[in-house]
Amino acid sequence: MQTAGGVSACLPIHSDLDLVWVRQHVRQAAAQLGFGLVEQTKLVTAASELARNTLIHGGGGQMECAPVAAGGVQGLRLAFSDEGPGIPDLDRALMDGFTSGEGLGMGLGGARRLVHDFKIDSRPGGGTTVTVTTWLSVPPRPREER
Amino acid sequence: MSGGFPSPYGGPSPYAAPVPVLRLGDVLLVTLQGDLHDGTAEQLQQDISDTVARSGATGVVIDLSGVEMVDSFLGRVLSDIAAQTSLLAARTVIAGMRPAVAITLVELGLTLPGLRTALSTEDAMRLLGDQGPTLPRPGRTRQESV
Ligand SMILES: Nc1ncnc2c1ncn2[C@@H]1O[C@H](COP(=O)(O)OP(=O)(O)O)[C@@H](O)[C@H]1O
Ligand SMILES: [Mg+2]
């Protein structure tokens with residue numbers, strides 16, 4: 001299941017030790033794709049926040065890590081999913097400082113700032129999937145206009 | 001918290017040796033290394049306040065130069081250490097944070113309240129030496145004040 005040396009992997013998230021494996025995998029996958037030290041650190045930190053949410057708020061789940069390509073640009077995509085209670089109010093959950101537990105409430109909003117693309121798919125009672133992507137060069141964002 | 005659990009990536013084990021806490025005069029020097037397991041970070045918080053209370057140390061220097069990532073969990077642990085040691089009349093200084101980690105922390109949105117930073121452990125020791133005895137914080141010392 002854990003593919004040492006590869007970029008693609010599906011890692012379980014059921015304990016805080018699993019968070020360590022997630023961080024280590026994201027670090028080496030990002031390095032392997034050619035990300036610099038700062039981007040690696042941002043990705044690992046975002047992954048740590050999202051994986052901890054999967055564990056603490058989602059009751060456990062998994063991370064899927066995969067290389068992606070769009071318009072000739074390579075990127076790394078991470079998807080964190082759980083079958084937990086879901087997020088009832090996304091805007092509130094993304095606000096800095098909002099926590100329903102004992103955290104700092106900086107994880108979700110912070111992770112969004114640390115990556116290029118960020119998407120939450122969550123239904124009350126239906127689990128949560130957070131998918132993030134960071135591109136190796138300028139992110140292709142056709143939707144975004146000045 | 002000890003014992004073997006080899007990393008599939010050959011990195012340092014999260015269960016590696018306990019975090020060393022060195023006493024240098026009135027200052028405790030704590031060297032963090034590698035990827036800290038959540039439980040290890042919480043244990044460290046306990047160990048530091050116990051040691052400060054027991055030894056009467058007036059300063060704590062936490063050397064972060066060997067740490068590759070600080071997320072909101074570790075950030076909160078560091079802030080809590082600063083708050084606890086300040087109740088015990090000691091100051092905490094973070095030393096040697098890597099540039100990539102500092103950049104990521106800013107984007108994550110963490111401010112690490114109560115923590116001073118220094119470029120190196122030597123600078124941190126100097127900072128603690130220069131400031132003389134810790135001033136009591138207003139509001140925390142009601143019994144002692146006039
Ligand atoms: N996977 C998830 N499942 C359910 N709720 C979540 C999930 N991730 C985040 N949340 C909700 O969003 C809030 C904010 O998350 P975050 O910013 O990471 O702060 P914290 O984890 O410190 O509470 C959480 O307190 C929780 O209510
Ligand atoms: Mg969180």
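Values for this structure:
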read-out: Difference of contour (0.36 nm per residue) and Cα-Cα distance, A:VAL73 to A:ASP121; value: 14.8 nm
read-out: FRET efficiency, 1/(1 + (r/R0)^6) with R0 25 Å, evaluated for B:ASP50 and B:ARG116 via beta carbons; value: 0.70
read-out: Those residues of region A:109-139 whose amide nitrogen sits under 20 Å from the label point placed on A:VAL38, 7 Å along Cα→Cβ; value: A:110-118, A:133-139
read-out: Inter-centroid distance (Cα atoms) of region A:36-92 relative to region B:60-133, Å; value: 27
read-out: Alpha-carbon spread of chain A, three principal axes, descending order, Å; value: 42, 39, 25
read-out: Over chain A, relative contact order from alpha-carbon pairs under 8 Å, at least 6 apart, %; value: 23
read-out: Averaged over A:17-28, number of beta-carbon atoms from partner chains that fall within 10 Å; value: 5
read-out: Rounded FRET efficiency, nearest 0.05, which uses the C-beta distance separating B:GLN33 from A:CYS10 and R0 of 30 Å; value: 0.55
read-out: Peptides ranked, highest mean first, by Cβ atoms within 10 Å: ranges A:120-127, A:37-44; value: A:37-44, A:120-127
read-out: Number of partner chain Cβ atoms within 10 Å, mean per residue of A:98-108; value: 3
read-out: Separation in nanometres of the label points that stand 7 Å from Cα toward Cβ, at A:ARG113 and B:GLU42; value: 2.7
read-out: Rg/Rg_ref, region B:21-128, where Rg_ref = 2.2 N^0.38 Å and atoms are Cα; value: 0.97
read-out: Computed [θ] at 222 nm, deg cm²/dmol, chain A (DSSP H ≥ 4; -39,500 (n - 2.57); rounded to nearest 500); value: -11000 deg cm²/dmol
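Bear in mind these aren't lab numbers, they're just calculated from the coordinates by the rules spelled out. Just so we're clear, the structure is a prediction, and the values are computed from it rather than from any experiment. Don't worry about glycine lacking a Cβ; one is built from the backbone with ideal geometry, like all the others, and counts go over all protein chains shown.
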